[in-house]
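Computed from the coordinates by the stated procedures, all read-outs in this text should not be read as laboratory data. Keep in mind that what you see is a predicted model, and the values were worked out from it rather than measured. Note that we place each Cβ from the backbone using ideal geometry, even for glycine, and neighbour counts take in every protein chain shown.
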Amino acid sequence: VAGLWRNTTLGAVSALTGKSPLAYARTVDEDVFKALADPTRRTILDELTGRDGQTLFEICGRLVTNHGLSSSRQAISQHLAVLQEAGLIEIRRDGRYKFHYINTEPLKPLRTRWVPNAMSSGPRTQSDSDTARRKENQ
Amino acid sequence: MRIRLAAVMVDDQAKALQFYTGTLGFTKKHDVPVGADRWLTVVSPQDPDGPELALQPDGHPAVKPFKEALVADGIPFTQLAVDDVETEYRRLSGLGVKFTQQPADMGVVCTAVFDDTCGNLIQIASPNVK
């Protein structure tokens, strides 16, 4: 089921982008792995897992006080841009404010890549797969 | 030398006075007409002779881009002291105040950040008792 879901996803992406599924997968991988390669960026994802939807100010405050990471606000902003580029965070505007949310969707293909049965032990169900597939096909 | 005054720059002094007294609970100290604007300050009822907070008009063209950029990144320019952030968060939320940061442990203090409805984010802080 997992393999079918992934192939369908890549097929839909391929149709949209004109790129071969493998080329697309490689680009996504590179962005995700590059984003995750940095310890500060992993810590940002940790903090967003603790409380989703934070302003830049709150993220900076948590990195300093909880992890002793005294990077500049500009540096954190750049880390957030890399995470956003990889699809691992989403920025949502609410009026005049900007909040950052974690998005674990790009990590899902990694779960089954080297651990074939990972999906069956995870929370994803057959109907979830169907929903995802329908979304991709819309 | 002492510090007697801090200021927030507000988009509307009448609205600001309503929020800082009616919602936050400060009391008016000075209200003097100055041209089209007012010299308007508030104090804490717990410390009426203590530092005043001036509600200054933000009409200068440099101020609005500055305020908007801070708000977009969630940065509070002004901090107020409270006895307990959690209690104050619940009280102000109940009055319809919008928070951009819910109470969070930040080492020796607990902080939260709210919108003063006049174009500023304000941080409240209380000591963390461990």
Remind me, what semi-axes does the range A:56-104 give for its equivalent ellipsoid, largest first in whole Å, using sqrt of 5 times each Cα gyration tensor eigenvalue? 19, 13, 10
From the backbone phi of the range A:98-107, what are the Karplus-calculated ³J(HN,Hα) couplings (6.51 cos²θ - 1.76 cosθ + 1.60, θ = phi - 60°) in whole Hz, Gly and Pro given as x? 10, 10, 9, 10, 6, 10, 8, 3, x, 7
Interchain or sequence-distant (5+) residues whose placed amide H lies within less than 5 Å of the amide H of B:Thr78 are B:Gln123
So, in Å, what gap is there between the alpha-carbon centers of the range B:4-19 and the range A:43-113? 33 Å
Counting only residues 5 or more apart in sequence or on a different chain, those whose built amide H sits under 5 Å from that of B:Trp39 are B:Val32, B:Val34
Whole number please: convex hull volume per residue, Cα atoms of the range B:34-110, in Å³. 148 Å³
When the scattering of the range B:1-66 is computed by the Debye formula from its Cα atoms alone, each counted once and equally, what is log10 I(q)/I(0) at q = 0.29 Å⁻¹? -1.30
Rg/Rh (Cα only; Kirkwood hydrodynamic radius) as it applies to the range A:27-91: 0.94
What are the ³J(HN,Hα) couplings of the range B:93-105, residue after residue, when phi is run through the Karplus curve with 6.51, -1.76, 1.60 and θ = phi - 60°? Round to Hz, x for glycine and proline. 4, x, 8, x, 6, 8, 9, 9, 9, 6, x, 9, 5
Run a plain Debye calculation on chain B (Cα atoms as equal point scatterers, no solvent) and give log10 I(q)/I(0) at q = 0.12, 0.13, 0.17, 0.19 Å⁻¹, rounded to two decimals, same order as the q list. -0.47, -0.55, -0.94, -1.16
Provide a whole-number value for the mean count of partner chain Cβ atoms within 10 Å of the Cβ atoms in peptide B:105-114. 3
